[in-house]
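S.K.: If you scroll down you'll find the structure; I have some questions about it.
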Amino acid sequence: MWAQDNFAFTYDIVLWRKSSGEEKRIETIHRRDKIFKLSPETTYCVKVKAKLLVPLKQGAYGGAHCINTTVEHPLPAPENVEMDMKRDSYVLKWDYANANVTFRAQWLNDFSKWNPGNYSDDWKLIPSCESVKSRHCIFPQSNFSEGTYFFRVQASNGNNTSFWSEEKEVDTSVYNLLPSPVITVKSISDSLRVSVGFLEDSDFLEDSLIYEVIFWENTSNIEEKIMQKSPEFTIVNLQLRTVYCVKARVHKDSPGHQSSEFSDPVCKKTESRNSSTIWIIAGIFAVLVFILIIIYAVKSLLRCFNYTFFPSLKPFSNIDEYFSEPPLKNLLLLTSEEQTESCFVIENTDVIVIVEEMSQSEGDHKKYNSQTSQDSGNYSIEDENMESRTNEELLRKETDSE
């Protein structure tokens, strides 16, 4: 069994306080492990058994081994060691109650724990985490390639040094840098709709993400926070016609709880409740005006087209001048009914009158006195000759009567 690959084994540890017999069970994959948070000056007992998963086999527990813990150390060890990410750097954080102490941090490659021997000398100091007074230290992400590492922290006060903290296992593959998101905000009545996205290719972000949106009134510093797994937010019950500002970031829901930086704030004013109706009416009016403009433009184009390709027929200028007199134009244009005239000769010793009756399309009648009438220009050449002969006969008769 022990000739098998060391990576195939897991180990069950059973720990109990000798005075009480209450057991605590621990499972580990390493041959060397540490058990923390024990009571000082107390006797504990431990036993271990090995398991092989493929093929499934279990060994028997070995003999129990008991040991006394030492007195409480004057300086407690740091607690709650965590790893975070900020831009392109790792941030190692921890808790510690006492002041006026300095800290140092070390790291160990996970591979060292698979070796059966003692790996205490394999721990290495983090250069930027030596003799720091703050409860965190920052070091570049480039210092560590992708893999699994262990980190621990120790406190010091002069010559007094605490025990090392519990070891924090960190898989650097889950600390891929999350880019800052971008947001779009749309105002709808007393609500804001917020969409959270990314500018760059975000295929690696298909894992579960938690989206955080913080909003506040522009004139106030009171912030409210909403967190959910959907990138679409609806912030409701806001004050009407009020400016609100919104920013967002994302968290990776995985060990390490990596978070992105906040997006740039976007401010938007909420609308009044009837603003949508006003916009609808304004839109309809704009459409009607646009249709009228289109109709007028089409008419104008048709008019220009007809004027260019189908001009109206007009007589030549010399003909138009020749027929400029209104009566002659009427004669030429009124072709529906022929113009006729009748002449009567009335003989009297004192006055000779020529009465002309004009029959036109309108049915009007006109009379002319021989002494006062003038040539209207409407007689034909034949009528003029006839009148001349009639006048000559009348003059001859007057001469004979005398």
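The values are calculated or read from the model by the stated rules, or taken from the named source; none is laboratory data. The model shown is predicted, which means the values in this text are computed figures rather than measured ones. In this analysis, Cβ positions are derived from the backbone assuming ideal geometry, glycine residues included, and neighbour counts consider all displayed protein chains. Accessible surface areas use protein heavy atoms only, side chains included; no ligands, DNA or RNA. Shrake-Rupley method; radii C 1.70, N 1.55, O 1.52, S 1.80 Å.
S.K.: Among the residues of the range 115-129, which ones are without any contact (Cβ under 8 Å) to a residue 60 or more places away in the chain and open to solvent by 70 Å² or more (accessible area, probe 1.4 Å)? Working first, answer last.
M.R.: Going through the range 115-129, the residues without any contact (Cβ under 8 Å) to a residue 60 or more places away in the chain turn out to be 115, 117, 120-129.
Of everything in the range 115-129, those that are without any contact (Cβ under 8 Å) to a residue 60 or more places away in the chain and open to solvent by 70 Å² or more (accessible area, probe 1.4 Å) turn out to be D121, K124, P127.
S.K.: Going through the range 160-200 one residue at a time, which ones are closer than 20 Å to K34 by Cα and in a loop (DSSP other than H, G, I, E, B)?
M.R.: First, the residues of the range 160-200 that are closer than 20 Å to K34 by Cα: 161-171.
S162, F163, W164, S165, E166, E167 - these are the residues of the range 160-200 that are closer than 20 Å to K34 by Cα and in a loop (DSSP other than H, G, I, E, B).
Residue-wise test of (1) hydroxyl-bearing (S, T, Y); (2) within 46 Å of the chain's Cα centre (by Cα).
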| site | (1), (2) |
| --- | --- |
| P76 | no, no |
| D84 | no, yes |
| R87 | no, yes |
| L92 | no, yes |
| F111 | no, no |
| P116 | no, no |
| Y119 | yes, no |
| I126 | no, yes |
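S.K.: Determine whether A60 is out of contact with any Asp or Glu (no Cβ under 9 Å at 6 or more places or on another chain), farther than 30 Å from S180 by Cα and part of a loop (DSSP other than H, G, I, E, B). Spell out the reasoning first.
M.R.: Details: out of contact with any Asp or Glu (no Cβ under 9 Å at 6 or more places or on another chain): yes; farther than 30 Å from S180 by Cα: yes; part of a loop (DSSP other than H, G, I, E, B): yes.
For A60, the condition - out of contact with any Asp or Glu (no Cβ under 9 Å at 6 or more places or on another chain), farther than 30 Å from S180 by Cα and part of a loop (DSSP other than H, G, I, E, B) - is met.
S.K.: Just give me the residues in the range 35-79 being touching a Leu at 6+ places or on another chain (Cβ under 9 Å) and either in contact (Cβ under 8 Å) with a residue 12 or more places away in the chain or farther than 29 Å from F9 by Cβ (or both), in sequence order. Break it down stepwise before answering.
M.R.: If we filter the range 35-79 for residues that are touching a Leu at 6+ places or on another chain (Cβ under 9 Å), which is where we start, we get 35, 38, 44-47, 58-59, 69.
Answer for the range 35-79, where residues must be touching a Leu at 6+ places or on another chain (Cβ under 9 Å) and either in contact (Cβ under 8 Å) with a residue 12 or more places away in the chain or farther than 29 Å from F9 by Cβ (or both): I35, L38, Y44, C45, V46, K47, G59, T69.
S.K.: If you go through the range 15-52 one residue at a time, how many are among the small types (G, A, S), assigned to a strand (DSSP E or B) and loosely packed, with under 15 Cβ neighbours inside 10 Å?
M.R.: Taking the range 15-52 first, the residues among the small types (G, A, S) are 19-21, 39, 50.
Adding the requirement that they be assigned to a strand (DSSP E or B) leaves 50.
With the extra rule that they be loosely packed, with under 15 Cβ neighbours inside 10 Å, the set shrinks to none.
Of the residues in the range 15-52, 0 are among the small types (G, A, S), assigned to a strand (DSSP E or B) and loosely packed, with under 15 Cβ neighbours inside 10 Å.
S.K.: Restricting the range 1-49 to residues that are of a type in the set (A, V, I, L, M) and over 29 Å from P76 (Cβ atoms), which is modelled with the lowest pLDDT? Lay out the reasoning, then the answer.
M.R.: Quick first cut of the range 1-49, residues of a type in the set (A, V, I, L, M) only: 1, 3, 8, 13-15, 26, 29, 35, 38, 46, 48.
Cutting the leftovers down to over 29 Å from P76 (Cβ atoms) gives us 1, 3, 8.
Numbers: M1: 57, A3: 61, A8: 77.
So the residue we want is M1.
So that you can scan it fast, the table gives a plain yes or no per residue for (1) within 45 Å of the chain's Cα centre (by Cα); (2) over 18 Å from K93 (Cα atoms):
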position	(1), (2)
K133	no, no
F139	yes, no
F144	yes, no
V153	no, no
G158	no, yes
S162	no, no
T172	yes, no
L178	yes, yes
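S.K.: Going residue by residue through the range 68-78, is there one that turns out to be among the hydrophobic types (A, V, I, L, M, F, W, C), exposed (fewer than 11 other Cβ atoms within 10 Å of the Cβ) and touching an Asp or Glu at 6+ places or on another chain (Cβ under 8 Å)?
M.R.: Taking the range 68-78 and keeping what is among the hydrophobic types (A, V, I, L, M, F, W, C), we get 71, 75, 77.
Among the residues that remain, those that are also exposed (fewer than 11 other Cβ atoms within 10 Å of the Cβ) are: 71.
After this cut, where a residue has to be touching an Asp or Glu at 6+ places or on another chain (Cβ under 8 Å) as well, the list is 71.
Within the range 68-78, one or more residues are among the hydrophobic types (A, V, I, L, M, F, W, C), exposed (fewer than 11 other Cβ atoms within 10 Å of the Cβ) and touching an Asp or Glu at 6+ places or on another chain (Cβ under 8 Å).
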